[in-house]
Structure formats: C-alpha cells, structure tokens
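The values are calculated or read from the model by the stated rules, or taken from the named source; none is laboratory data. Since we're looking at a predicted model, the values are computed, not measured. Positions of Cβ are generated from backbone atoms using ideal geometry, with glycine treated the same way; all protein chains shown enter the neighbour counts. Accessible surface areas use protein heavy atoms only, side chains included; no ligands, DNA or RNA. Shrake-Rupley method; radii C 1.70, N 1.55, O 1.52, S 1.80 Å.
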Amino acid sequence: MAGWLVRRLVQAGFVMLAMSAIVFVGLHAIGNPVDILISPDADQAERARAIAALGLDKPLWEQYFFFLRGAVQGDLGRSFVFNEPALKLILGRMPATLELAVTAVIMSVLVGLPLGLFAGLYPNSIAGRTVMAGSIMGFSLPGFWVGLMLIMVFAVTLGWLPSSGRGTTAELFGVQWSFLTRDGLRHLLMPALNLSLFNISLVLRLARAGVRETMPLDYIRFARAKGLSPRRVVFVHVLRNILIPVVTVVGLELGSTIAFSVVTESVFAWPGMGKLIIDSINVLDRPVIVAYLMIVVALFVTINLVVDLLYTVLDPRVRLGGRA
Amino acid sequence: MSDVPTLELRDLNTVFDTRAGVLRAVDGVTLSVGRGEVLGLVGESGSGKSVTGFSIIGLIDPPGRIASGRIRFQGRELVGLAEPELRRLRGRHIAMIFQDPMMTLNPVLRIDTQMMETIQAHERVSGAEARSRSRDALGQVGIPSPDERLSAYPHQFSGGMRQRVAIAIALLHNPALIVADEPTTALDVTIQAQILAVVQKLASERGTSLLWITHDLSVVAGLADRVAVMYAGRIVESGAVDAVLDNPMHHYTRGLIGSVPSRNRRGHKLLQIPGMTPSPLDRPAGCAFRTRCAAADAACETEPALTRPEPGRELRCFHPAHGAVAA
C-alpha cells in the first residue's frame, strides 16, 4: 500500500512535468504577450526594458528552466497583468469555483442517483420513461443557454433567485464561502444547478444501467430468495454494486467541473477561476495560464488517487499494488 | 398433519409472455414431495426444471407469470399469495440453492453480512446472536475456522466453499423444503461428491425435504428417493428412483440413461437422443417427444394421458418400453 502510494506520487510528478513542458512550448507558439501588454506607442528602449522585466528576452529553454526552479519552490511566476504571484491569484479565486463545483456534483448525485434507481427498477413505467427522456435534455441542451433560461425564469420573471455574484459570504478557515449564509446559498443555487444538469443526466443513466444489469443477476435473486425486504435488496445489494461505476465517473466529473466551469461562471458572473483563466488567455498572461493548468493537473491526479482509494472500500476484490 | 406432503404441485402452468407469443415453460406439472423426501427433477436444458423451482419460491418475474395451477406448501396455497406473505416464507420455510456458486453471493458484501441479514430478515435477534448462529452454520457445512471466514469476502472462497456457504445460508432457518437448482453442476466431480454428502447428511438429520433439480442422472441415483423426468415443460415419467433407472418406460428417460457414460460399456458408442428440445413456442401437438422418438406413430399425435403402469409410478406414453437400457 505504501509502495503503491509512492509509485503513484512519482508518476504524478512526471505527469505534471510533462504537462508543464507542453503548456510552456504551446503558449510560446500561439503568440507574444508583449504585443498585447505594451502600449503600441512605446518607444524601442521602453519596449526592451519591459521585455527584460518580464524575463521574455531569454531563450525559451532558459525561461522554462527558470520556471521549473521557481515551481519546485512553490513559485509559479508573476502575472504580467496583475503583477502578483500567479498562484496567489488563482488560489484566491479557487474557493468560489470549488464551492460551485462541489455543490453541483453533490446535487448531481442527490438527484441523479435516486432517479436512476427508480428508472432502473421501473423501466417500463411512464414515470421511468419520462425520467429517461428528461435526461436526454440534460445531455443535449447547451449549458450557457440553460443558464440564460434559468436567469430568465427564476431571476427576471419570477424574481425568486438572484442572477449574479456570490452574495453574502462568511469566513471559514480564513476563506470566504457563500454556502455558509442564506443569501450566499440563494446565489449558489442557480449556477450550481446549471453546472450539475449534465452530471445529473450522466449519474442517472449510469445508475439506471447499473440497476438493469444487476437486478437479473443470481446474487440478487439469491438475496430475494433469502426473504430479504425489497428495500434491503435495492439499497444494500444493488446500490453497493452500482456505486463503483458511479464513484469513478463522479470523481472524474468533479475534476472537469472544477476545471471547466468557465461557461457557468461567465453567465452568472461567478467570480471563480474560470473567469480568471478566460481573461488571462485573452491577454496571453502566460504565468497565470501555466499556473492554472498545473493546478488543474494536480487536481485531476489527486482526484484519481482518491477514487482509487475509494474503490478498495467499495469493491473488496480490488487490492492496490496488484497483489491478490 | 403427517400425511400432508411438504410440497404439492397440481397442474402448474408457468408462462412467459413474449413478443413471439406465449411461451409455456412449465406446462401442467403435477408432483409432490413428502416430508423428508428427496425428489430428483431431471431433464435437459430448457425443459422447465428451473422455472418450476422459481415458481415454487415465488420468484417468477415479468414477463413470466403463473397462469394456472396450484402450489401447496404444507397444505397452504402459495399461488396468488401476496408478496409480503411469500417473502416471509422465502428463506425461512422454503430455501433455494442456485447453480453457480461464483454468482450467488454478492461480491461486495462480507459473508457475515449476507448470513446475518438472512436471519434478521425473519427473526428479531441481536447482531451478536445472528453472528454466532451464522458461525455455527458455517461450521456445520464443513468450513474450517468459521470464525475467521465470517469476515471474508466471497472472492476469497473457492467455488466449492462458496456453495457450502450458500447451503449454510439455506439451512439457517431449518426450512421444511429446499429447492436446489443444479447446485453441483458447476463444481469439480470431487467437490460435487463432498457437497452432495453435506446436503444429504444435513437434510436427513433435520427431516428437510429436497427438490433436487439436475440434468445429471448419476447425482439423482445416489441422492434421491424418487425421480421425476421433465421434458418440454411436462413431467413424462416419475417413480421411485431405482424403479425408474432400472426399468425406464418412457423413451426419453431411456435416451437420457443411455447417454450417460459407464465403465461397463467402454469402447461402445454413447447413445444420443437425436434432434433438439423443441422450442417452447413451437411444440409438436400431442407427445412433445414424438419428433425425436423411434417408437412414435400416429397415436402419439394426441396427448398421452397419465397412466400408472406400476404402483407408485406415473407415465405419459402410448408405447412404454420395458427392461433396462441395453448396455
């Protein structure tokens, strides 16, 4: 187990190294930030000074080496635009995105799993078919449009929920969170729902497929032949088995929800990382982009690790490290 | 009370509604199992043996349904009984053992969970008591160091051991009847013998009736008191096991016996029953076996009535054969 963990961490290190190199080279290929950052009427001397100040006069490999040396010490460079450490900039926006993404994923499980169980147990009922038809909408409607419609209906027409911002926040562990106040929760609800819609459909369909696959198996028949109540059969025997694929997908989706909540954050003016990365790409603020992508990779690696660990809890046949 | 059979099926019809039509899996089966008796239900794949078993325990799921007939358990009618009532019988008074031990235990739950829930589904007992009863049951089916094995998961057991666990679960409530659906088919021959010995011993000690579903005549010969031979959803011949095996009258039974390899017939070609079991959607009228039967003639196109050629024997055939199957 310890050996497995060490091996995984070393692998994670290599993944991040490879990622940083790709991002670094790629960013240099797509454009020169100097053209955007420095005013066009600056003279030659001014230009040269600015380029030197940003460290852009050095060859690419030297810049990369410089970046790596800093990264090892926890310094991912300074934003060209804000002149602040990129890491600090991103971490400052992270709680907003984290709380949005986690809420969305929790909602997708809380809504998707029961609906999926239902649709799987009663596949031919009208309600079951309706749930499945509805899930197609969750897949196919574009997120930004659903977001706009939500605002139209709940904010503009009905006036039940606020349409933008985080609302009142409260402090926990030195960070401001929206979910701790009533007003913050009201602000959180709509963007989280918008972000979770796709995942609700995904979890729902997975759960339904799992139930349909598990119900006719011998061990479920045996459980019924033992005289267990239908409740116990479904919530213990079936659910434990379908949780395995659900946990995998929810884990991976948590990563992509955090990384790519850009659209929802834009629609609802949610001040998270997604908004920051879009702005940074527009002005080619390289350090911020690199730092953001590094953080996203680290996040994915961590989530995958946690999912693997959860497997061992859910499925006794899985033993980490390849030993039987 | 003692003359009421543990299980009595009368003209049971279990059908499946499919797009291609009504599939008559069990077609007028009548049989009875006395107290402490072992009835072997024999037939090839698709003959309706397993569906008969599932009908008894009330686990026929749509599109299947029991269309007509009676299932009496200790004199009580089970057909039409409400699901909660059936559930109280299941696992407690009627238990079932399945064919594939690799598939009957839930892979993600520990053995103790799966055993204790069986006890606690029917009795209000503490966890500690349920656990100690589970441990005793494991010991009785011959699982070494049952205390440790209780906390194991199914994948840590071999197939034979898993079947022992399933048998232990079936025996937890001392049921009056166990429906065993080919429980030794998936096992090695040596393990098969061990499992048979365990079941035989425990069932006779406790006076448990067994309905032993199998396609293996050698298992029936060693285990059963009586045998019923099933073909295409019907029972074609039944009687005491020695009488039927020594003097099979139905040509299907003779075919089955002839196709069992024997030490005395080395070098001889094994007999085969020509053709295949007819599709349950498209059974020949009259005797369903006539398309594969050498003795069939025009008379067989009507349904043969049930006859009693000897005391304790029943037969559905117009042209009964006599004598042992030629070696």
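List of remarks:
- Taken together, A:V203, A:V263, A:V288 contain a single residue that is away from every other protein chain (no Cβ under 14 Å), touching a residue at least 60 places away in the same chain (Cβ under 8 Å) and open to solvent by 50 Å² or more (accessible area, probe 1.4 Å), which is A:V263.
- Test result for A:P142, open to solvent by less than 70 Å² (accessible area, probe 1.4 Å), without any contact (Cβ under 8 Å) to a residue 12 or more places away in the chain and under 18 Å from A:V263 (Cα atoms): yes
- Flag if A:F235 is more than 10 Å from chain B (Cβ to nearest Cβ), part of a helix (DSSP H, G or I) and within 30 Å of B:G58 (Cα to Cα): yes
- Failed item in (1) within 30 Å of A:I38 (Cα to Cα); (2) surrounded by 24 or more Cβ atoms within 10 Å (Cβ to Cβ), with A:I278 passing the rest: (2)
- Sole exception among (1) within 14 Å of chain A (Cβ to nearest Cβ); (2) within 19 Å of the chain's Cα centre (by Cα); (3) buried (at least 20 other Cβ atoms within 10 Å of the Cβ); (4) not charged (D, E, K, R) for B:A186, by number: (3)
- The set of residues in the range A:176-235 that are among the aromatic types (F, W, Y) and at pLDDT 90 or above comprises A:Y219, A:F222, A:F235.
- Selection count, the range A:152-177, where residues are on the phi > 0 side of the Ramachandran plot, open to solvent by 60 Å² or more (accessible area, probe 1.4 Å) and in contact (Cβ under 8 Å) with a residue 60 or more places away in the chain: 0
- Some residue of the range A:208-229 being more than 7 Å from every other protein chain (Cβ to nearest Cβ), within 28 Å of the chain's Cα centre (by Cα) and open to solvent by 40 Å² or more (accessible area, probe 1.4 Å): yes
- Boolean, B:C293 is in contact with a Lys or Arg (Cβ under 6 Å, 6 or more places away or on another chain), crowded, with 19+ Cβ neighbours inside 10 Å and closer than 30 Å to B:T18 by Cβ: no
- Taking the conditions (1) more than 14 Å from chain B (Cβ to nearest Cβ); (2) in contact with a Gly (Cβ under 8 Å, 6 or more places away or on another chain); (3) part of a helix (DSSP H, G or I) in turn, A:P271 satisfies each one other than (3).
- Test: residue in the range A:170-184 that is part of a helix (DSSP H, G or I), more than 14 Å from chain B (Cβ to nearest Cβ), of a type outside the set (A, V, I, L, M) and under 15 Å from A:P271 (Cα atoms): yes
- B:P248 being in contact with a helix residue (DSSP H, G or I) (Cβ under 6 Å, 6 or more places away or on another chain) and open to solvent by 20 Å² or more (accessible area, probe 1.4 Å): no
- Matching entry among B:R131, B:R110, B:R92, B:R149 (being within 11 Å of chain A (Cβ to nearest Cβ) and under 23 Å from A:V313 (Cβ atoms)): B:R110
- Total residues in the range A:1-46, condition of a type outside the set (D, E) and over 25 Å from A:D279 (Cβ atoms): 19
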